[in-house]
Amino acid sequence: MSISANHKPQKANSIILPHVDVRGDIDAINRGRGQFDPATRQVVVRGRVYGMHDDGRTFPIRGDGIVELSRGAFRALTILRAYNGPNDAADYRMSRELDITDEDRLIAIRLWHIRTEAD
């Protein structure tokens, strides 16, 4: 999971699950095998949609193995990252954040466990 403890939630947030071959997707995009829509600056490759920044960097949007998250769930993940996973300190910190619901917290914890099982 390449989310840092200081990563700021965006308007739309998504993460890529560990089983996704991101390198393979990027290689396919670079070889012109994706369907690029210049109007949206999005490319579809291998069942996933990636956005493209002006400098060519890509970011996940949706599709197989990409999880779209609310701002609160994404923020909860950054807290879990800061506290090295679910524990009392992380729970306390999440409880103090007004934008993190109980559902956001549960989603983040589930995703954290998926990540650690893949390591």
Plugging the Kirkwood radius over Cα pairs into Stokes-Einstein for region 59-115, at a temperature of 25 °C and a viscosity of 0.890 mPa s, what D comes out in µm²/s?
214
Considering the options Phe74, Gly56, Trp112, tell which one lies farthest towards the positive end of the dipole of the chain, charges being +1 on Lys and Arg and -1 on Asp and Glu at the Cβ, about the Cα centre.
Gly56
Among the GluC sites (Glu not before Pro) in region 29-119, which ones are in a DSSP loop with at most 10 other Cβ atoms within 10 Å of the Cβ? Mind listing them?
none
Trypsin sites (Lys or Arg not before Pro) within region 51-102: DSSP coil, no more than 16 neighbouring Cβ in 10 Å:
Arg57, Arg96
Rolling a 1.4 Å sphere over the protein heavy atoms, what is the accessible area per residue of region 66-113, to the nearest Å²?
57
State the percentage of accessible surface on the chain attributable to carbon and sulfur atoms; use a 1.4 Å probe and exclude ligands, DNA and RNA.
48
Give the separation of the Cα centroids, region 97-119 to region 7-60, in Å.
23
Per residue of region 36-44, in order, report the coupling 6.51 cos²θ - 1.76 cosθ + 1.60 (Karplus, θ = phi - 60°) as ³J(HN,Hα) in whole Hz, putting x for Gly and Pro.
9, 10, x, 5, 9, 6, 10, 10, 9
So for region 14-118, what percent of the C-alpha to C-alpha distances run longer than 15 Å?
65
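The values are calculated or read from the model by the stated rules, or taken from the named source; none is laboratory data. Remember, it's a predicted structure, so these values are computed and weren't measured experimentally. Positions of Cβ are backbone-derived with ideal geometry, glycine not excepted, and every protein chain shown enters the neighbour counts. Accessible surface areas use protein heavy atoms only, side chains included; no ligands, DNA or RNA. Shrake-Rupley method; radii C 1.70, N 1.55, O 1.52, S 1.80 Å.
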